[in-house]
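These notes concern the structure reproduced below.
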Amino acid sequence: MAGPQPEPIRFFGTTWVGHDGGYGLRRAGVAAGSLAAAVVACFVLRFAYQGLEIADVGGFVGLLVILMFAICSAIAFRKTWEGFGRRPVDPAREDNLRGLKTIGFIGSLLAYFFRSLTEAPGEKLRRTEYETALAQYAKRRSARTGNPAARKRPKRK
């Protein structure tokens, strides 16, 4: 097929273009899966916190652990949510935040959950880019009038 191709989205492929191929079921599955993963992750973090209580490390360390996960989750949520709407301006900075987003993985899972309630995560951004690419392609194709080498040149006098 000539022209620009849509960029696939994780779990959706290119079904987001025409909302076909089980798009609605995939969205429901992504929403349920990300929410279930976030709940399981909260239980895992609770068990880790109980391990700290058993180790009797003190209230200050427990408070720091809770604050660390809360702040990292908030930042991860924000960065993941922003990533659905626009491409990162500085990819190197995003790479530096990868560790922080890993610690705050619950925030990223919740961002996936909330976004998948309205659309495939990242669909709006990719749809805008795809429609722009299609319009540019159509403009380039319509501007051509044929083979320039085949044109007759006027005779000089």
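The values are calculated or read from the model by the stated rules, or taken from the named source; none is laboratory data. Since the structure is predicted, the reported quantities are computational estimates derived from the model, not experimental observations. Quick reminder, even Gly has a Cβ in these numbers, built from the backbone with ideal geometry, and neighbours come from all protein chains shown. Just the protein is used for accessible areas: all its heavy atoms, side chains included, with ligands, DNA and RNA removed. Shrake-Rupley method; radii C 1.70, N 1.55, O 1.52, S 1.80 Å.
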Based on the Cβ-Cβ distance from T118 to V57, what FRET efficiency comes out when R0 is 35 Å, to the nearest 0.05? 0.25
How much of the accessible area of the chain, probe 1.4 Å, is carbon plus sulfur, in whole percent? 63
Using Cα pairs under 8 angstrom and six or more residues apart, how large is the relative contact order of the chain, in percent? 33
Please list 17-24, 123-130, 43-50, 69-76 highest first by mean number of surrounding beta-carbon atoms within 10 Å per residue. 69-76, 123-130, 17-24, 43-50
When ligands, DNA and RNA are left out and all protein chains stay put, how many square angstrom of accessible area per residue does segment 1-86 have with a 1.4 Å probe? 63
Which FRET efficiency value, to the nearest 0.05, do you get for R10 and D90 by plugging their Cβ-Cβ distance into 1/(1 + (r/R0)^6) with R0 = 25 Å? 0.65
Report, largest value first, the span of the C-alpha coordinates of segment 1-117 along each principal axis, in whole Å. 64, 33, 17
Under a point spin-label approximation (7 Å from Cα along Cα-to-Cβ), what is the E129-V65 distance to one decimal in nm? 3.9
